[in-house]
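Colleague: I have a structure here, written as structure tokens, and I will follow up with some questions on it.
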Amino acid sequence: METIPAATATSEEVARRLTRDGYVVITGMLDSGGVQAAKDDLERVLAATPTGRNSFEGYSTQRVYALFAKTRMFDLVATDPLLLGVLDRVLVHYQLSAPVGIRIGPGEQAQVLHRDDAIYPVPEPHPPLVVNTMWPLDEFTQENGATRFIPGSHDWAPGRTPGPEDAVRTAVMSPGSVMFYLGSLWHGGGANRTDKPRLGVILEYAAGWLRQQENHCLAVPRDVVRRLPERLQELLGYNIYPPFVGYVDGAHPRRVLSAGP
Ligand SMILES: O=C(O)CCC(=O)C(=O)O
């Protein structure tokens, strides 16, 4: 798969490829120490995380919801300057929507291909509403459940769905890489035909005027949010979509963090 090394990637180039192809992979975003630390901390959380409740979540797959309540390992990742630079260009005003750790267990079936932005009843075609980023913490291979996707499918005519004629590719990637993909790109988790799990984290962002998939203002305790950098607080939902979508008692929601319990 064609990739861009983080050292030479610019937000212009990443945004250009993302909007042209529906996806783009950047290598070398995290070093091996950062990957290992994130993996170790997620293993702690996964020890108490159940498997999925339906075939979409995956009966042999664990999902770490409320990620920012459970680990501090993605605070810097979620506010990475290249990542935010790309989002500035593609979504302009945005927030975290669905950050989730996903460990696909041995024997898991392939997830149905889907579009992340299909949950929002906005008529197509529409400008980008959702940008997702997949951060592999294990090698992502053809065999162990690497994300599958259909290049260019973000641009399909309204109503078109994947058929046998559509070439599905596999996001074979190493830990430390990131795959950006648009919410309109058809994709899904792969089947895991190995005897080891596949761990990755999605940090999904949505336009600032949409409802976040996960309600982080309720999911992440307020005294945890108070200790986070302001940009991350904003991304979790303590923000306004101009001029005043999201106010609290007539004021910026950030005031809630400096006041009361
Ligand atoms: O785990 C993956 O590779 C993708 C998962 C996904 O697309 C989803 O759960 O919405």
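The values are calculated or read from the model by the stated rules, or taken from the named source; none is laboratory data. Please read all numbers here as calculations on a predicted model, not as lab measurements. Using ideal geometry, Cβ is built from the backbone for each residue, glycine included, and neighbour counts are taken over all protein chains shown. Areas reflect the complete protein model, heavy atoms only, side chains present, ligands, DNA and RNA absent. Shrake-Rupley method; radii C 1.70, N 1.55, O 1.52, S 1.80 Å.
Colleague: So, for the chain, what is the accessible surface per residue at a probe of 1.4 Å, expressed in square angstrom?
Modeller: Accessible area per residue: 46 Å².
Colleague: In deg cm²/dmol, rounded to 500, what helix-only [θ] at 222 nm does the chain give when every DSSP H run of at least 4 residues adds -39500 (n - 2.57) and the total is split over its residues?
Modeller: One gets -6000 deg cm²/dmol as the mean residue ellipticity at 222 nm.
Colleague: To continue, here is another question. For region 1-101, which GluC sites (Glu not before Pro) are in a loop by DSSP, counting at most 12 other Cβ atoms within 10 Å?
Modeller: Passing sites in region 1-101 are Glu2.
Colleague: Kindly state, to the nearest 0.05, the FRET efficiency for Arg211 paired with Gln36, given R0 = 25 Å and r defined as their beta-carbon distance. List each step's numbers first, then the result.
Modeller: Values: r = 35 Å, r/R0 = 1.40.
The value I calculate is 0.10.
Colleague: Oh, and also: Applying 1/(1 + (r/R0)^6) with R0 = 22 Å to the Cβ-Cβ distance of Tyr241 and Leu76, what FRET efficiency is obtained, to the nearest 0.05?
Modeller: 0.35
Colleague: Among Thr133, Trp209, Ala110, whose Cα lies farthest out toward the positive end of the dipole of region 3-209, if unit charges sit on the beta carbon of Lys, Arg (+1) and Asp, Glu (-1)?
Modeller: Ala110
Colleague: Okay, moving on. Within region 119-159, list the chymotrypsin sites (Phe, Trp or Tyr not before Pro) lying in a DSSP loop whose Cβ has at most 15 other Cβ atoms in a 10 Å radius.
Modeller: Counting only loop positions with at most 15 other Cβ atoms within 10 Å, none of the chymotrypsin sites (Phe, Trp or Tyr not before Pro) in region 119-159 qualifies.
Colleague: For the chain, give the percent of accessible area contributed by carbon and sulfur heavy atoms, probe 1.4 Å, rounded to a whole number.
Modeller: 55
Colleague: Just to confirm my numbers, what's the Cα centroid distance between region 1-64 and region 109-160 in Å?
Modeller: Rounded to whole Å, the Cα centres lie 13 Å apart.
Colleague: Could you run the Karplus curve 6.51 cos²θ - 1.76 cosθ + 1.60 with θ = phi - 60° over region 162-174 and give me ³J(HN,Hα) per residue in whole Hz, x for Gly and Pro?
Modeller: With the stated coefficients, region 162-174 comes to x, x, x, 6, 8, 6, 8, 9, 10, 7, 6, 8, 9 Hz.
Colleague: Still on this model: Name the long-range amide H neighbours of Tyr94: under 5 Å, sequence gap of 5 or more, or other chain; modelled H, no Pro or chain starts.
Modeller: Gly208
Colleague: Would you mind classifying region 1-140 by shape? Square roots of the alpha carbon gyration tensor eigenvalues, ordered a ≥ b ≥ c; an a/c under 1.5 is rounded, otherwise it is prolate if a/b is larger than b/c and oblate if not.
Modeller: Because a/c hits 1.5 or more and a/b fails to exceed b/c, region 1-140 counts as oblate.
Colleague: Tell me, in nm to one decimal, what length is gained between Asp166 and Asp195 on full extension, where the rule is 0.36 nm per residue of separation less the Cα-Cα distance?
Modeller: Full extension from Asp166 to Asp195 adds 7.5 nm.
Colleague: For a quick check: with amide H placed at 1.01 Å from N, whose amide H comes under 5 Å from Thr61's, ignoring anything fewer than 5 positions away on the same chain?
Modeller: Close amide H contacts, sequence-distant or interchain: Gly52, Gly105.
Colleague: Name the chymotrypsin sites (Phe, Trp or Tyr not before Pro) in region 205-248 that are in a loop by DSSP and that have at most 13 other C-beta atoms within 10 Å, would you?
Modeller: When the chymotrypsin sites (Phe, Trp or Tyr not before Pro) of region 205-248 are filtered for loop state and at most 13 Cβ neighbours within 10 Å, Trp209, Phe244, Tyr247 remain.
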